[in-house]
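I have placed the structure first, in the form of structure tokens, so that the comments after it can refer back to it.
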Amino acid sequence: MVSFLDFEKPIAALQARVTELRETANEGSIDIDAEIQRLQARAEKMLADTYAKLSPWQKTQVARHPERPHFKHYIAGMFDEFMPLAGDRAFADDQAILGGFARMGKRRVMVIGHEKGDDTASRLKHNFGMGKPEGYRKAIRLMQLADRFGLPVVTLVDTSGAFPGVQAEERGQAEAIARSTEQCLALGVPMVAAVVGEGGSGGAVALAAANRVLMFEHAVYSVISPEGCASILWRTAEKASDAATAMQVTAADLLRLGVIDRIVKEPVGGAHRDPAAAIRSLGKAIVEELDQLSGMKPEKLKVARQEKFLAIGA
């Protein structure tokens, strides 16, 4: 059963009515199949109409939906022979950022991404997808390994931002993020990044300075969360909706601004309503982008990547 967001309450009420009628029909007392079909069609149309005109703040809520696919689901649905690699060889193994060797069709790749977790225990284990310095240093190590063996790098971005704790700052959070971003730009192999949920601040950019940046239709990507922006500008998080609109966090906005290269369509009602279809769609898009990049020489890949980011905002 899908959890409904606040703006989906009319759809939820209609779906509840459909469920009640189906239970009544199962009892065999009266034939109400026609009414059920009519209400179901109305609910589906309402869902499609609602998602066709989501505001930036509503898209932010969808991007954060706890039932959206997470890293482990993409690994299971898009890759074969995944071999996880752990640790930064300096301090610890950060469970917020995972990665390893994998096969995508006939192509071997290095896949790295944020894992938020999907229940209380796993969210605590993965620190809600907020990477620490050791996580970004692990990502650097894996990217360097991919470069050494000539493997394309695929990253899956889904984080509200890097972990802001005191211990993370003591261990060099900003430096680790900067070096991870630098390593992305220095790769001599193709790199494709996909923003699959939240793309928050430097914690996202550190894994997304790629040759091609893809973004799910209802994902968001920004320098700060709408709540954080509102707290700075208006001294209240209640203005988060206004902040989301002003920051232009949606895929359509970012494609127009040249920050991303491609929007990947989601199933009607968001990726959480049909995770398998969303994963297939993203996998197809990533393979297409890797195919286009596969013939480029290392130096050309580096120059193209650097020019792409230098051109943003010019």
What's the local net charge at residue 123, with K and R +1, D and E -1, over the other residues with C-beta under 11 Å away?
-1
What's log10 of I(q)/I(0) for the range 35-129 at q = 0.12, 0.20 Å⁻¹, Debye sum over Cα points only, no solvent?
-0.59, -1.00
Sum of -39500 (n - 2.57) over DSSP H runs of 4+, divided by residues of the chain (222 nm, nearest 500)
-15000 deg cm²/dmol
Looking only at 198, 20, 67, which one moves most when the chain is put into a Gaussian network model with springs between Cα atoms under 10 Å?
20
Amide H partners (placed H, <5 Å) of residue 79, local residues excluded:
none
Most mobile listed residue (160, 294, 222) in the chain, GNM with C-alpha springs under 10 Å:
294
As straight-line cross-link partners of residue 138, the qualifying lysines (C-alpha separation under 20 Å, not fewer than 8 residues apart within one chain) are 72, 116, 125
Given R₀ = 30 Å, what would the calculated FRET efficiency be for residue 255 paired with residue 277, taking r from the Cβ atoms and rounding to 0.05?
0.90
Sulfur and carbon atoms: percent of accessible area, the chain [1.4 Å]:
55
Which value, in debye to the nearest 20, gives the size of the charge dipole of the chain about its Cα centre, when Lys and Arg are +1 and Asp and Glu are -1 at the Cβ?
1040
List every residue whose amide H lies under 5 Å from the amide H of residue 191, counting only residues 5 or more places away in sequence or on a different chain, with H placed 1.01 Å from N in the peptide plane.
153, 211, 212
Using +1 at the Cβ of each Lys and Arg and -1 at the Cβ of each Asp and Glu in the chain, identify which of 109, 178, 149 lies farthest towards the dipole's positive end.
149
Counting alpha carbon pairs within less than 8 Å and at least 6 residues apart, what relative contact order, in whole percent, applies to the chain?
16
In Hz, Karplus ³J(HN,Hα) per residue of the range 34-51 (6.51, -1.76, 1.60; θ = phi - 60°; x = Gly, Pro):
5, 5, 4, 5, 5, 5, 5, 5, 5, 5, 5, 5, 4, 5, 5, 5, 5, 6
Leaving out ligands and nucleic acids, note down the accessible area per residue over the chain with a 1.4 angstrom probe, in whole Å².
47
Could you tell me the relative contact order of the range 106-249? Use alpha-carbon pairs under 8 Å, at least six residues apart, and round to a whole percent.
21
In sequence order, calculated HN-Hα J values of the range 178-189 (Karplus, 6.51, -1.76, 1.60; Hz; x Gly/Pro):
4, 5, 5, 4, 4, 5, 4, 5, 8, 5, x, 10
Can you list the aspartates and glutamates whose alpha carbon is less than 15 Å from that of residue 59, not counting same-chain residues fewer than 8 positions off?
6, 8, 49, 67, 158, 198, 217, 227, 242, 253, 266
Over the range 17-118, relative contact order from alpha-carbon pairs under 8 Å, at least 6 apart, %:
19
In nm², the average projected area of the convex hull spanned by the Cα atoms of the range 98-214 is 7.0
If amide H atoms are modeled at 1.01 Å from N in the peptide plane, then the residues at a separation of 5 or more from residue 224, or on another chain, having amide H under 5 Å from its own are 201
Options (1) 151; (2) 120; (3) 141 - which one matches volume of the Cα convex hull per residue in Å³ as calculated here
(1)
Residue-wise HN-Hα coupling along the range 196-207, computed from phi with Karplus coefficients 6.51, -1.76, 1.60 (Hz; x: Gly, Pro):
9, x, 8, x, x, 6, x, x, 8, 4, 4, 10
Counting all Cα-Cα pairs in the range 87-127, those more than 12 Å apart amount in percent to 66
Eligible lysines near residue 284 by straight Cα distance, threshold 17 Å, same-chain separation 8 or greater
106, 265
Report the residue, chosen from 162, 208, 230, that carries the largest GNM mean-square fluctuation when the chain is represented by alpha-carbon nodes joined by springs under 10 Å.
230
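The values are calculated or read from the model by the stated rules, or taken from the named source; none is laboratory data. Remember, it's a predicted structure, so these values are computed and weren't measured experimentally. Using ideal geometry, Cβ is built from the backbone for each residue, glycine included, and neighbour counts are taken over all protein chains shown. Note: areas computed on protein heavy atoms with side chains; ligands, DNA, RNA excluded. Shrake-Rupley method; radii C 1.70, N 1.55, O 1.52, S 1.80 Å.
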